1. Please enumerate, by chain and number, the aspartates and glutamates with C-alpha under 12 Å from the C-alpha of LYS83, excluding those fewer than 8 residues away in the same chain.
2. Using a 10 angstrom cutoff on alpha carbons, build the Gaussian network for the chain and name the most mobile of PRO11, PRO167, PRO105.
3. Tell me whether the range 87-162 comes out rounded, prolate or oblate; compute the Cα gyration tensor, take square roots of the eigenvalues as a ≥ b ≥ c, and use a/c under 1.5 as the rounded threshold.
4. Could you give the length gained by full extension between ALA183 and LYS89, i.e. 0.36 nm per residue of separation minus their alpha carbon distance, to one decimal place?
5. Which FRET efficiency, nearest 0.05, do GLU133 and GLU168 yield, Cβ-Cβ r, R0 35 Å?
6. For the range 17-56 and the range 84-138, what is the separation of their C-alpha centers, rounded to whole Å?
7. Among 189-196, 45-52, what's the highest-first ranking by average C-beta atoms within 10 angstrom per residue?
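Values in this text are rule-based calculations from the coordinates and carry no lab data. Every value quoted in this text rests on a predicted model; they were computed, and no experiment measured them. When we count neighbours, we look across all protein chains shown, and the Cβ atoms used for this are built from the backbone with ideal geometry, even at glycine.
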Amino acid sequence: MEKTVLGLQLPTDPRWVNLAEMSLEEILTDHAYCEQKAATSCISLIQRYSTKEKLVTELAPIVTEEWGHFRLVLAELQKRGLKLGRQRKDAYVNALMDFQIKGGPEQETMLDRLLIFALIEARSCERFKRLSEGLDDDYLRQFYRRFMESEAGHYTLFIDLALTYIPEEMVRKRWKQWLAYEATVMETLEVRGDRIH
């Protein structure tokens with residue numbers, strides 16, 4: 001099986017970029033909301049784990065960065081005369097959340113929270129890489145190249161935070177489980193060009 005970047009076990013279907021290009025308003029709208037949710041998710045982690053100094057210190061600038069990304073995507077929509085549509089349910093993220101350990105020890109809960117964010121950032125990075133290489137619009141290829149580089153750094157940050165607070169063996173084992181599960185999610189989801197995930 002072809003391996004993708006960042007340890008993901010299943011690459012994005014090549015047809016996705018073509019579908020996304022045909023649904024530019026929808027893909028930019030979904031991207032904007034993904035950036036918004038990333039910012040609010042980091043805020044929620046800071047609130048929940050406010051005593052974890054490294055986590056708070058390292059996620060605080062990510063909140064600003066993700067919100068800046070939301071504004072960049074919003075500006076791109078406006079520049080092209082497109083509208084920010086309604087936020088849609090994210091079937092990919094909802095499927096991932098089904099795999100989270102619920103009601104277990106706090107350490108396991110924290111680990112899953114950090115790893116789900118790492119996985120979302122990794123898949124976003126992989127999707128942005130596809131857009132940066134496959135779109136016909138040269139400006140948008142560069143636009144998504146910058147997002148790809150940013151998301152790669154975020155993915156590693158969440159893994160690093162997990163390793164800061166949780167034993168490495170536990171992190172590595174659970175990360176493998178998450179990667180395997182994410183591949184099954186990707187296999188079952190419909191290939192749609194109006195969604196980042």
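1. The qualifying aspartates and glutamates are GLU25, GLU26, ASP30.
2. Highest fluctuation of the listed residues: PRO105.
3. It comes out oblate by the Cα gyration axes.
4. Details: separation 94, 0.36 × 94 = 33.84 nm, distance 1.98 nm.
This chain segment gains 31.9 nm when fully extended.
5. About 0.55, to the nearest 0.05.
6. Between the Cα centres of the range 17-56 and the range 84-138 lies a distance of 9 Å.
7. Result, highest mean first: 189-196, 45-52.
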